[in-house]
Amino acid sequence: MKVFKIVSSWQNKDYMNKYLIGLALLVAMFSCNNDDDGPSVEPIRERGPQAIADDEILQNFLSTHTYNDLDFKVADHELTNNDIVFYKLTDGKLPEGTDMNKTSGKPLIELDELKKVKFTEANTEQTLYVLQIREGEGRPVSRLDDVKVSFRGNRINNSEEKVTSINSEIFEGSATDVGWLALFIDTTRQSIPGLAIGISQFKTASSESTKGEQVCGVFDIDTTGKEKIKNNDFGIGALFVPSGLGFYGRINGLTREYNNLVYTFSLFNVDYRDHDSDGIFSMLEDLNGNLNFFDDDTDNNGAPNFLDNNDDGDDKATEDEIIILDNPEIDFDCDGIPTNDNEGIDMTKPDVNNNGIPDFLDKEA
């Protein structure tokens, strides 16, 4: 597999030569620090009014653009995110000369595959628009995992209402160039929320797994040494991200641009993370199911459960209060060790006092 210019790596693993792109550090590609002695910079805007303005921009874009939806409705599953093309509609009409075999011409906002995802960031509810071209037939993903993807990021020019490229050549526009992406690094270097939440609405490619085959086997290696996808049923889509779920007011030059973003991506594989090493995949620690993960803090000690290895705050570590139902034939977390996984964790037992609360979440147990 081609090795990219690495912006940031998560950690070295002897058993897996994995390259991760730190999303938070991608900001450095087009941001710079403010010079205290230079010109003054606009203060950070209030999130409430900005969220309203962002949604108007996104809805306007979705009402005045379409994409080549007919290309993706045929049986050709070789298409990736690099094949997604947006068209600007003028008075509801496609540009002259558009191939009508490629697009229905319907505005994005009218398409059944466009979903709305409500999410609260910094105490402000915002809407993320998700174009689910194909959900994917493999494994689900959370916003805390490491994913193998190909993606492009663009911004919507607020004044001209068009998509202009910012970092669209990260993967050199090739369907075969993919890389590992850390959707979450740590609390000080979080990923772009809208990208992480949006990708979590999709699934990976399937692995043609039979009994005993590792679920990580999504790719084959061809004769040239490159990875080739086994099943072309990976998740593929586009995200329309308000600035409040993007970079928001981070300084770009001497301005705060509050860019609304467009991402297209193909989701191939996932490596489930256990950020606090407590034996429970982080993706399973969103107890209220609101995609936040930071507001699930069973013992109210200020550390969310996915970063707390003693979730209930008693004298027993979480890993000592759970039962892991490992399948020794399948390496669920793709680390090369099939007997240390927790995809088969029993979330209800042990429950020594039979109160319906598993021991690892029950301080009285």
**OP:** Those residues that are hydroxyl-bearing (S, T, Y) and either in a helix (DSSP H, G or I) or over 22 Å from the mean Cα position of the chain (by Cα) (or both), I need them from segment 64-73; list them, please.
**Re:** T64, T66
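Please verify whether segment 312-323 includes one or more residues that are buried (at least 18 other Cβ atoms within 10 Å of the Cβ), aliphatic (A, V, I, L, M) and either at pLDDT below 85 or not assigned by TED's automatic domain parsing to the domain that holds G138 (or both).
In the first step, residues of segment 312-323 are kept if they are buried (at least 18 other Cβ atoms within 10 Å of the Cβ); the result is 312, 318, 321-322.
Still in the list and also aliphatic (A, V, I, L, M): 322.
Going one step further and asking which of them are either at pLDDT below 85 or not assigned by TED's automatic domain parsing to the domain that holds G138 (or both), we end up with 322.
Taking every residue of segment 312-323 in turn, at least one turns out to be buried (at least 18 other Cβ atoms within 10 Å of the Cβ), aliphatic (A, V, I, L, M) and either at pLDDT below 85 or not assigned by TED's automatic domain parsing to the domain that holds G138 (or both).
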**OP:** Return a yes/no flag: does segment 43-63 have any residue that is touching a residue at least 24 places away in the same chain (Cβ under 8 Å), outside any helix (DSSP H, G or I), of a type in the set (V, I, T) and touching a strand residue (DSSP E or B) at 6+ places or on another chain (Cβ under 9 Å).
**Re:** no
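Check every one of the strands (runs of 3 or more DSSP E) wholly within segment 74-191 and list those with 1 or more residues that are farther than 19 Å from F234 by Cα and either modelled with pLDDT of 90 or more or within 19 Å of the chain's Cα centre (by Cα) (or both).
On the way: elements: 86-88, 114-121, 124-134, 146-157, 162-165, 179-182, 184-186.
In segment 74-191, the matching strands (runs of 3 or more DSSP E) lie at 86-88, 114-121, 124-134, 146-157, 184-186.
Select, from S277, S282, S243, the only residue that is over 30 Å from I109 (Cβ atoms) and surrounded by 21 or more Cβ atoms within 10 Å (Cβ to Cβ). Quick ask: steps written out before the conclusion?
Working: S277 fails: surrounded by 21 or more Cβ atoms within 10 Å (Cβ to Cβ); S243 fails: over 30 Å from I109 (Cβ atoms).
The unique qualifying residue is S282.
Considering only segment 287-297, how many residues are of a type in the set (D, E) and either buried (at least 21 other Cβ atoms within 10 Å of the Cβ) or closer than 17 Å to N310 by Cβ (or both)? If you could, list the steps in order and put the result at the bottom.
First pass over segment 287-297, keeping only residues of a type in the set (D, E): 295-297.
So of that shortlist, the ones also either buried (at least 21 other Cβ atoms within 10 Å of the Cβ) or closer than 17 Å to N310 by Cβ (or both) come out as 296-297.
Of the residues in that region, 2 qualify.
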**OP:** Collect the residues in segment 66-118 that are in contact with a strand residue (DSSP E or B) (Cβ under 7 Å, 6 or more places away or on another chain), closer than 19 Å to E135 by Cα and among the basic types (K, R), keeping them in residue-number order.
**Re:** K115, K116, K118
**OP:** For F268, state whether it is at pLDDT 90 or above, buried (at least 16 other Cβ atoms within 10 Å of the Cβ), in a loop (DSSP other than H, G, I, E, B) and aromatic (F, W, Y).
**Re:** no
Subject >> Whichever residue in segment 86-135 is in contact with a helix residue (DSSP H, G or I) (Cβ under 8 Å, 6 or more places away or on another chain) and surrounded by fewer than 14 Cβ atoms within 10 Å (Cβ to Cβ) and, among such residues, is nearest to I192 (Cα to Cα) >> reply: A122
Original post:
If you go through segment 327-336 one residue at a time, do you hit one that is of a type in the set (A, V, I, L, M, F, W, C), in a loop (DSSP other than H, G, I, E, B), outside the structural domain of V117 (by TED's automatic domain parsing) and at pLDDT 70 or above?
Top reply: no
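The values are calculated or read from the model by the stated rules, or taken from the named source; none is laboratory data. Remember, it's a predicted structure, so these values are computed and weren't measured experimentally. Every residue, glycine as well, gets a Cβ built from its backbone with ideal geometry; the counts of neighbours run over all protein chains shown.
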